[in-house]
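Undergrad: Submitted below is the structure of interest, expressed as structure tokens.
The values are calculated or read from the model by the stated rules, or taken from the named source; none is laboratory data. All of these numbers come straight from a predicted model, not from anything done at the bench. Cβ atoms come from the backbone with ideal geometry, glycine included; neighbour counts cover every protein chain shown. Accessible surface is based on the protein model in full, side chains and every heavy atom, while ligands, DNA and RNA are left aside. Shrake-Rupley method; radii C 1.70, N 1.55, O 1.52, S 1.80 Å.
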Amino acid sequence: MTDMSLRLPTTTFQAVLNLGAKTAAVVPPPSNLGKPDLYGDWDEETGQSSLAVEFASGQVHLETVDDGIDYHFHTGTGDEAQRSPWPSSVTDPVVQWASLLLSDFHLRMPELLEDLEEAAAWHDEGYELYVCEVEEPTHLDLITVDIEGELLTLPWLGAGFVDHDHIDGDNHPIALLWSTVQDADGVPIAEARLDPVTELPVTTALPGVDWAEVGMPADEVLSWLEGIYLNHHVLPDAVGTLITASLERMGGVDGVASQQL
């Protein structure tokens, strides 16, 4: 079991950003749903943006398409749903707000994402404040976030070289790939996935592996993989934390009346 106390400290970081018009903030979702968890992404290859809006009672996932926005629903536990988990009196304002938020987010891509990645790099270098560059006078927003520290993990101490990659399956599985030559195609030796109940990683050693050749016992490999999974797939990183905070401000659900500069 990974010792979760072996983590870098949580740090407070501020970023001054151009979040655009923030039209969604004018029509926030029904307050009785509580504060949503927001996750946004932009696909560089397709030029599409996506948004996940997750309330305790249900979720709506949206993505930009050529002729507008597509969306579908999930239950509060994340299972796919054929219809909205809410009555139409709730569904309509939620979808309207989420669609405006995704449109606002998409209009700022990829520039905003580039700013957030640069801000995260500044944070990693130990700075406490990042200010984006603008070409002309515009309204900017001050975002303040607490960024959780990474879990302290050892480098790979076995023989050969390792990498990890996503694989097909439920609960976000990854495979640990091992090879004797650097940058070569690795052989899967173990897997990790998220336990949907505990929201912690579960690791499994694959059969037929010569652990003597790998240079570490299976239990030590699995313990090491658990830490890697936590850092890369469970604990929020700086970019993800900044994206969520930006979406909350753009959507008017961050609880801050105004920190526009």
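Undergrad: Can you bin the range 39-163 into rounded, prolate or oblate? Criterion: square roots of the alpha carbon gyration tensor eigenvalues sorted a ≥ b ≥ c, rounded for a/c under 1.5, prolate for a/b above b/c, oblate for the rest.
TA: It comes out oblate by the Cα gyration axes.
Undergrad: Around D237, with a cut-off of 11 angstrom between Cβ atoms, what is the net charge of the other residues, counting Lys and Arg +1 and Asp and Glu -1?
TA: Spelling it out: positives minus negatives among the neighbours equals -4.
Undergrad: P36: net charge of surrounding residues, Cβ under 9 Å, Lys/Arg +1, Asp/Glu -1, itself excluded?
TA: Summing Lys and Arg as +1 and Asp and Glu as -1 gives -2.
Undergrad: Dipole of the range 88-198, Cα-centred, from +1 at each Lys and Arg C-beta and -1 at each Asp and Glu C-beta, to the nearest 20 debye?
TA: 480
Undergrad: Could you work out the relative contact order of the chain? I mean the mean sequence separation of Cα pairs under 8 Å and 6+ apart, divided by the number of residues, in percent.
TA: Result for the chain is 26 percent.
Undergrad: Can you compute the FRET efficiency between I167 and V131 using 1/(1 + (r/R0)^6), with r the Cβ-Cβ distance and R0 = 35 Å? Round to the nearest 0.05.
TA: Once rounded, the FRET efficiency stands at 0.30.
Undergrad: Share of the chain's accessible area from carbon and sulfur, percent, 1.4 Å?
TA: Using a 1.4 Å probe with all protein chains present, the chain comes out at 50 percent carbon and sulfur.
Undergrad: Let me ask something additional. What is the distance, in nm, between label points placed 7 Å from the Cα along the Cα-to-Cβ direction at N231 and at N32?
TA: 4.6
Undergrad: Let me ask something else about it. Is any residue of the range 137-156 close enough, with backbone N under 13 Å, to a label point placed 7 angstrom from the Cα of E220 along the Cα-Cβ axis, and if so, which?
TA: It comes to 154-156, nothing else.
Undergrad: How many angstrom separate the Cα center of the range 1-73 from the Cα center of the range 201-261?
TA: Centre-to-centre distance over Cα atoms comes out at 17 Å.
Undergrad: Suppose all protein chains stay in the model; what accessible area per residue would a 1.4 Å probe give for the chain, in Å²?
TA: Heavy-atom accessible area per residue stands at 57 Å².
Undergrad: No solvent, one uniform scatterer per C-alpha: report log10 I(q)/I(0) for the chain via the Debye equation at q = 0.11, 0.16 1/Å, two decimals.
TA: -0.74, -1.26
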